[in-house]
Amino acid sequence: MRILALSSLMLVASTAWANPKTVSLSVPTMDCPVCPITVKQALTKVPGVTWAEVSFEKRQATVTFDDAKTNVEALTHATKNAGYPSKLVEPGK
Ligand SMILES: [Cu+2]
């Protein structure tokens, strides 16, 4: 009984300790200030995404996600489906 309680507790803990990851995506085809709204919606709809911010000025999206639930490929796929192909901006570039 005690072991059962402990293992279910650990399951809850491992979910809470999911690894958040933040990446920047280049979205060069955004051509007016309304575009970022569409891109942001597309990104936040991806399961595992916890936060998305899109800058029209920089033509960039910054996305925070749980890397156990999704990945960069899913993010770029989502923006492409919304009409805005994107690609990962390598850190330091
Ligand atoms: Cu637009």
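Of note:
- Of the chymotrypsin sites (Phe, Trp or Tyr not before Pro) in region 18-93, the ones in a loop by DSSP (not H, G, I, E or B) with at most 16 other beta carbons within 10 Å are 56.
- Virtual spin-label span in nm between residue 21 and residue 74, 7 Å along Cα→Cβ: 1.1
- Full extension of the chain segment joining residue 44 with residue 58 gains 3.1 nm, where the gain is 0.36 nm per residue of separation less the Cα-Cα distance.
- Phi-based couplings in Hz for region 75-83 (Karplus 6.51, -1.76, 1.60; Gly and Pro marked x): 5, 5, 5, 5, 5, 5, 4, 7, x
Throughout, read-outs are computed from the coordinates displayed, never taken from laboratory work. On a predicted model such as this, the values are computed, not experimentally measured, just so you know. When we count neighbours, we look across all protein chains shown, and the Cβ atoms used for this are built from the backbone with ideal geometry, even at glycine.
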